[in-house]
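Notes for the one structure printed next.
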Amino acid sequence: MIKVLFLTTHLNIGGISLYIYNLCKAFKGMDIKPYVVSSGGDLEKEFHDIGIELNTIDLKTKFEFHPKIFFAIFKVVNFIKENDIDIIHANTRVTQILAAICSRLAGKKFVSTCHGYFNFKRYSRKLFSAWGDFVIAISRQVQRHLIDDFKINPDKIRVIHNGVDLKKFKVSSADRVKQLKDKLRLPTFPVIGSIGRFSPVKGFDKLIGAMRHVVKDFPNAQLILIGEGPDKEKLERLCAEERLENNVIFIPATINTAEYFMLMDVFIFPSRQEGLGLSLIEAMANGRVCIASDAGGIKDVIDDGVSGIIVKDYKSSAFAKAIVVVLKNETLRQKIAEQAKIKAENSFSIEETADKTAAFYKEVLNKT
């Protein structure tokens, strides 16, 4: 039995927390026993429901050398020793620093997952990179970032894509879809959707800008944006400026996204920068037509023109053009949706991710 301690800053809804949750759930029945240390958050109940032991320590900071980190060191080291942890697995920049120190004090292996892109020009990251004994990169593009920008030895990097729980995405009945659409006052067609944190890097401003063009062809089109974040008020003001208040609906972040996907005719993923895109993979697993920016690891997910559409020109008008093309062509929508589902099922199941991660842990422990 390999005991793994996941370290993360918080357990609020988002890509990193869902990555840890999905892995912990998939490890049940395997020779892996996961533990989690974090500041807690919205997903605590979900972790408790699958029998994961949570240990809450205040790690809420974006500064990797904040005093909170040093206060946490001895608590984490004691937890490691008391539970005979084999591997410390860090998932954020702050917890990389914490893990690096704790691994030395406890004499345990330390690994990390790089979920996206870091500012490699920051002096602290050059001085104390703290990637661990080995690193998981969630896409080939993130792997390239680690090699080119942080000069990490390629032999220490393993590419393991994020996976999703495909069993979540069962087709909802037509009555259930109608019920939800009626509740949200959505049109029968078309509904455009996106999910993510409301922050500049996610590019929702470009999507709202695209809607200004889309409504010229489809005046009843509705955009549903699911998430939370610091840019929400800014995005709401942008909707007002573009006179789209009646065409855009904001929905709070939720872990239960499956039924919302069923409402969407098209899913848009407009990120400026992206490690891989968990909600994009979920949308594909749910058989949605996906249109995404040409950012980071998205090429690992979408085969352009086959299992989705990649917008290479990062402009609202370019997103709008792609949206209108697929909305006007039902045959194209059906063909892409079918291929999207196949790609997700063949390449991004959480079972495959868990198997590869378990093999990675064994490899780490076997290295001297």
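FYI, it's all coordinate maths here, none of it is from the lab. In this text the structure is predicted, and so the values were computed from the model without any measurement. Cβ sites come from the backbone with ideal geometry, for glycine too, and all protein chains shown count toward neighbours.
Numerical summary
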item: Residue pairs, from the table LYS45/LYS299; LYS33/LYS75; LYS109/LYS299; LYS178/LYS341; LYS28/LYS183; LYS167/LYS206, whose Cα atoms sit over 29 Å apart; result: LYS45/LYS299; LYS109/LYS299; LYS28/LYS183; LYS167/LYS206
item: Prolate/oblate/rounded call for region 275-346, Cα gyration tensor, a/c under 1.5 rounded; result: oblate
item: At R0 = 25 Å, FRET efficiency that the Cβ-Cβ distance of ASP42 and HIS66 yields, to 0.05; result: 0.65
item: Highest to lowest packing among 225-231, 34-40, scored as the average C-beta count within 10 Å; result: 34-40, 225-231
item: Spin-label pair ASP304/ARG176, simplified geometry with 7 Å Cα→Cβ offset, distance in nm; result: 3.6 nm
item: FRET E, pair LYS335, LYS168, Förster distance 30 Å, beta-carbon r, rounded to 0.05; result: 0.80
item: Region 166-347: mean projected area of Cα convex hull, nm²; result: 9.2 nm²
item: Folded to 0 to 90 degrees: helix 350-366 orientation relative to the chain principal axis, Cα; result: 20 degrees
item: Average Cα contact separation per residue, region 200-247, under 8 Å, 6 or more apart, as relative contact order %; result: 50 percent
item: Peptide ranges 205-211, 150-156 listed from the most packed, as the mean C-beta count within 10 angstrom indicates; result: 205-211, 150-156
item: Mean separation of Cα contacts under 8 Å (6+ apart) over length of region 111-259, as relative contact order %; result: 18 percent
item: Computed helical MRE - 222 nm, the chain, DSSP H runs ≥ 4 contributing -39500 (n - 2.57), nearest 500; result: -13500 deg cm²/dmol
item: Cα long-axis angle, helix 330-347 against the chain (0 to 90 degrees, to the nearest 10); result: 10 degrees
item: Trypsin sites (Lys or Arg not before Pro) within region 1-61, DSSP loop, no more than 14 other Cβ atoms inside 10 Å; result: LYS28, LYS60
item: Gain upon complete extension [ILE147, THR56; 0.36 nm per residue less C-alpha separation]; result: 29.4 nm
item: Cα-derived Rg to Rh of the chain, Kirkwood definition; result: 0.98
item: Leading residue at positive end of dipole, the chain (Cβ point charges), from GLN273, ASN256, ILE138; result: GLN273
item: Degrees between helix 67-82 axis and first principal axis of the chain (Cα, 0 to 90, nearest 10); result: 70 degrees
item: Signed unit charges on C-beta, dipole axis of the chain, positive-most listed residue PHE204, ALA320, HIS66; result: HIS66
item: Restricting region 219-259 to trypsin sites (Lys or Arg not before Pro) in coil, as DSSP defines it, with at most 16 other Cβ within 10 Å; result: ARG243
